[in-house]
Amino acid sequence: MATIKAKTAFLRELLALKEVIDIGQIHAAAERNGIKHSNFSKMITDLETKFKTRLLIRSSSGSVPTNTTRQLYADIESISNALDNIITNLTGPEELTGYISIWTEEGFAGSLLFSELTKLYAKHPKIRLDILTNRHMNMSNPDITIMDIRSLNKIPGTKPLFKFKTKVKFYASPDYLQKRGVPRDIEDMLENYDLCMRQKFLELPECNFVLKRAKKLNTTADSASIIYQLVCDGAGIALMPEWCTMKNAKLVEVPNIDFDYEYVLSGISNPLTAKSPKVQAFLEFFYEFCQQYDIPLEMFE
């Protein structure tokens with residue numbers, strides 16, 4: 001019969017192996033768990049010694065499981081899920097601790113949702129968010145990734161958490177409309193008004209008519225925050241999601257414009273991360289946030 005010490009070491013090695021499979025890189029798995037890369041790698045090597053077989057195929061681009069490891073994965077996942085359930089049942093809200101990494105569209109990160117984070121921190125004072133917007137990073141690495149639903153097929157091996165919708169409409173500052181007057185219709189707007197557009201929206205099939213027909217496309221930018229600030233400052237009219245304007249008296253929907261586009265975002269995670277108590281705490285906060293602002297939300301099991 002194995003000792004408690006031996007069982008603990010074995011469990012630690014199994015969970016380390018699962019983390020590498022879920023993330024795809026030993027270095028990233030070690031970094032997420034606050035463990036030295038060399039120590040994390042040794043856990044995998046020790047496990048391979050116990051099983052007397054290779055468990056990962058390592059390369060410069062990452063690590064992938066062997067056939068033996070794929071057969072073990074379901075059993076390890078069951079153990080991990082059981083541990084998560086125990087932790088959830090025993091841990092009070094004030095005891096949850098650690099960082100949650102969230103990759104999100106810049107415009108979403110800087111607008112309504114994250115102005116409400118004091119409510120999350122009040123309930124879970126030891127949780128902190130690490131907000132990521134680098135579009136070149138591996139989107140399967142963050143605890144939660146929030147992105148355009150049409151991009152999800154590019155991220156294999158992830159679990160859907162939720163999806164929600166918002167309208168994208170034309171907005172301007174009251175000062176700009178008072179100075180320039182209100183457009184008679186969309187043709188008048190495209191012909192005679194200053195437009196400040198985020199490049200992402202110009203590339204969408206539903207919205208690229210602006211690029212083709214606008215006579216005063218004064219500013220384009222990759223950054224949603226730049227466009228947002230320009231329009232708030234009275235520089236022109238822009239396409240923006242409704243959530244950007246829900247608590248902002250500096251922006252109003254432009255009258256007489258018969259156009260809106262339904263923008264669908266989805267949240268995803270790797271299966272192990274999705275079940276962790278701290279991520280579940282964020283999802284509970286997010287659900288309550290969407291209810292508060294009447295944002296249509298579909299949560300997945």
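The values are calculated or read from the model by the stated rules, or taken from the named source; none is laboratory data. Small disclaimer: the values here were computed from a predicted structure and weren't measured. Here the Cβ is made from the backbone with ideal geometry for all residues, glycine too, and neighbour counts use every protein chain on show.
The set of residues from the range 61-96 being over 25 Å from PRO277 (Cβ atoms) and either modelled with pLDDT of 85 or more or polar (S, T, N, Q) (or both) comprises SER61, SER63, VAL64, PRO65, THR66, ASN67, THR68, THR69, ARG70, GLN71.
The set of residues from the range 206-217 being over 28 Å from the mean Cα position of the chain (by Cα), loosely packed, with under 15 Cβ neighbours inside 10 Å and within 17 Å of LYS169 (Cβ to Cβ) comprises just one member, PHE209. Kindly evaluate LYS179 against the criterion of being over 29 Å from the mean Cα position of the chain (by Cα), of a type in the set (Lys, Arg) and either closer than 24 Å to PHE282 by Cβ or assigned to a helix (DSSP H, G or I) (or both). Considered against the rule, which asks whether it is over 29 Å from the mean Cα position of the chain (by Cα), of a type in the set (Lys, Arg) and either closer than 24 Å to PHE282 by Cβ or assigned to a helix (DSSP H, G or I) (or both), LYS179 comes out as yes.
Filtering the range 238-255 to residues that are touching a Lys or Arg at 6+ places or on another chain (Cβ under 9 Å) and either farther than 14 Å from LEU202 by Cβ or not assigned by TED's automatic domain parsing to the domain that holds TYR176 (or both) leaves PRO241, GLU242, THR245, GLU253, VAL254. Highlighted here are the helices (runs of 4 or more DSSP H) found entirely within the range 218-301 that include at least 3 residues which are touching a residue at least 12 places away in the same chain (Cβ under 8 Å) and either surrounded by fewer than 17 Cβ atoms within 10 Å (Cβ to Cβ) or not hydrophobic (A, V, I, L, M, F, W, C) (or both): 277-292. Scanning the range 140-149 for residues that are buried (at least 18 other Cβ atoms within 10 Å of the Cβ) and either at pLDDT below 75 or assigned to a strand (DSSP E or B) (or both) yields SER140, ILE144, THR145, ILE146, MET147. Figure legend. Inter-residue proximity from the range 1-23: first residues without any contact (Cβ under 8 Å) to a residue 40 or more places away in the chain, second residues among the basic types (Lys, Arg) and surrounded by fewer than 16 Cβ atoms within 10 Å (Cβ to Cβ), beta-carbon distance below 9 Å, spacing 6+ or different chains. Indicated pairs: GLU13/LYS50.
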